1. By the gyration tensor of its Cα atoms, with a ≥ b ≥ c the square roots of the eigenvalues, what is the shape of the stretch B:148-297: rounded for a/c under 1.5, prolate for a/b over b/c, or oblate?
2. Counting only protein heavy atoms, what percent of the accessible surface of the protein assembly as shown is carbon or sulfur at a 1.4 Å probe?
3. Please list, or write none, the lysines whose alpha carbon is within less than 28 Å of the alpha carbon of A:Lys256, excluding same-chain residues fewer than 8 places away.
4. With a 1.4 Å probe, how much accessible area is buried between chains A and B, both sides summed, in Å² to the nearest hundred?
5. With 15 Å as the cut-off, how large is the P(r) tail for the stretch B:82-141, expressed as percent of Cα-Cα pairs?
6. If exposed means no more than 13 neighbouring beta carbons inside 10 Å and the site is in a DSSP loop, what's the longest run of chain A without any exposed GluC sites (Glu not before Pro)?
7. Under a 10 Å cutoff between Cα atoms, tell me which one of A:Val349, A:Val204, A:Val119 has the largest fluctuation in the Gaussian network model of chain A.
8. For the stretch B:301-363 and the stretch B:50-72, write down the distance between their C-alpha centroids in whole Å.
There are 2 protein chains.
Amino acid sequence: MSERTFNFSAGPAALPVPVLEKIRDEMLVLPGAGASILEISHRSKPFEAIIAAAEANLRSLLSIPDEYAVLFLQGGSRLQFSMIPMNLAPGGASADYLITGTWGKSALDEAKKIGPARVAYSSAESNFDRLPTPDQLDLDPNAAYLHYTCNETIQGVQFATEPKTGDVPLVCDASSDFLHRPLTIGHYGLLYACAQKNAGPAGVTVVIIDKKLLERSADNLPGYLNYKIHADNDSLWNTPPTFAIYVLKLVTDWLKDDIGGLDKMYQQNKTKAEMLYEVLDAYPAFYQGHAQPACRSLMNVTFRLPSDDLTAKFLAEAKEHNLADLKGHRSVGGIRASIYNAMPVEGVVTLRNFMDKFANANA
Amino acid sequence: MSERTFNFSAGPAALPVPVLEKIRDEMLVLPGAGASILEISHRSKPFEAIIAAAEANLRSLLSIPDEYAVLFLQGGSRLQFSMIPMNLAPGGASADYLITGTWGKSALDEAKKIGPARVAYSSAESNFDRLPTPDQLDLDPNAAYLHYTCNETIQGVQFATEPKTGDVPLVCDASSDFLHRPLTIGHYGLLYACAQKNAGPAGVTVVIIDKKLLERSADNLPGYLNYKIHADNDSLWNTPPTFAIYVLKLVTDWLKDDIGGLDKMYQQNKTKAEMLYEVLDAYPAFYQGHAQPACRSLMNVTFRLPSDDLTAKFLAEAKEHNLADLKGHRSVGGIRASIYNAMPVEGVVTLRNFMDKFANANA
């Protein structure tokens, strides 16, 4: 255990240590299965219990209504970028997109390959440092849906609440802040998240979809790309990523039993983020935050230092303090500290203290 | 360890115990990474080394020429059923399909949603108990490709060599016998396999493709469905299933270092299969093999007993001998013993001895 660092990777990202320990302890024999979780059929009773528990945990943590289906798919958010317009905007219907960062832009680019897609807001001009106010939204009241990215991992901007879209179904890429706070699922038409930030390992993507929207999926869609087929088959139409679903089940067990639910998780996430933003605000000329203060992410804290040399020095000295994977994405530069659910408070305290000392020594 | 059964699951299926032990031992800290394999970025140096080693192992085991790309994708064979015609048969080109079992039929059904697809052979009339002789193939010399399934998991029929297709690129679903013997990759245009039979856990699909065919992938294909994008980005265009690729790397290490390569693996697979087919042939009225003898699978041994009662009794008594997951697929009935690479000889010997005793007691 002493070899473990505080891992600020943007994703795949830190997992709770008790989850890793359980995976380790059950690797040779999943209790009652006579084999490893890696070796058992997706149609076996032990796996059926796991996928059912994973879904039940999500329904409990997020109070997901019965009118919504929960799907476990492969292909990451990238495949969702295509599946969403293919399923939800049939017959050349137009969709609206809010572009508040790199991932929203990628979603739009894929949607345009399928059919008409409008930009209802973009902060590209200011390098995605802000979010829209309600009056800045240019909404099409007849749009098939409105797509937005509730947390932009690369830029570190995050919606605190959902945009209002009237009768237009809201489609949300929640990949990098899923399960970080309670949500009102009834506000969404579809919400999706790849697991590798807050919910599990790379390889499984959760889709929560209003069952009414399943009626839009055309029969002639390629089978794997058809939400209705997955919903009708309880995500077992093809072999699902069984191990990734098992880990997601363990992570949601941890959220329920060890953390005590998403309200408590949210409090802890706010506390952790505040610790870092306080340091940015204490040295505003030295630590230059990328996101405007009103839309700072609780998950990805992004900032630049006054020079590339200081950035390199920061990263090298951070490593000596056991603080790893803090380099920012090339499109923003500087530093990115990803502090998802599983990052312990101790890791954030260590980073904050290091930042404080580093600023004092170098500012 | 004593809780482990001999696991004859058709997939996800048995893995080598040394592989499971290594996963267990490295679960908290991947050596040199400071974190679990589940927690590290797909762009980190430790993971780059893993995916490079996985590819190098496959290239070494199968003597894959440089003219072929090796891709690690998600979505299983089901997604390949759609990606193949979308990429390889653009502009309404027609493709040929050999239908020798359930999976070939499923591949054809998906291809028909994309464009014209012809049946060049089908054994549906005899419930997929046989394979074509060369003169039974009705080939279109202008086909965009010919698709076949080298081992039908459900029916237990297996091609010993590739069908001859002239200049038409051969596309092979090798999901359930990948890595069970050496191949001449130069015979194929594209060969694909989901990992969860012989190569690793569910969640990663290997695609080996002649780079010349990548030129067929149209720019307007959905990004995740475009082979060329994955090849141009070394399977890192999106976050790949990092853990599944890590396990595939360990399984291929085992094939190289513990088994000694695919020639030796093939000898062992032939020995294991012969043990079971000998029992079928010793009691032909009692154990009724599904596949015609000339096309029996080395991976999935399928047979029926004289009655449903005897089948139920067989399964119940097998369980008492620690022999698990032997129930046949509903479309064939009876028993299916899946004996992939990782099934130890000891497991097959135990099953053979049980079958011998059971036939003597009940025939």
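1. Values: a/c = 2.30, a/b = 1.66, b/c = 1.38.
Prolate.
2. On the way: 12880 of 26430 Å².
Result for the protein assembly as shown: 49 percent of the exposed heavy-atom area is carbon or sulfur.
3. A:Lys22, A:Lys45, A:Lys197, A:Lys211, A:Lys264, A:Lys270, A:Lys272
4. Details: alone 15470 and 15460 Å², together 26430 Å².
Buried: approximately 4500 Å² between B and A.
5. Values: 858 of 1770 pairs.
Across the stretch B:82-141, Cα pairs with separations above 15 Å total 48 percent.
6. Values: sites that count: A:Glu3, A:Glu67.
For GluC sites (Glu not before Pro) (loop position, at most 13 other Cβ atoms within 10 Å), the longest site-free span of chain A is A:68-363.
7. A:Val349
8. Each part's Cα centre sits 36 Å from the other's.
The values are calculated or read from the model by the stated rules, or taken from the named source; none is laboratory data. Keep in mind that this is a model prediction, so the values were computed, not measured. Glycine also receives a Cβ, built like all others from the backbone with ideal geometry; neighbour counts cover every protein chain displayed. Accessible surface is based on the protein model in full, side chains and every heavy atom, while ligands, DNA and RNA are left aside. Shrake-Rupley method; radii C 1.70, N 1.55, O 1.52, S 1.80 Å.
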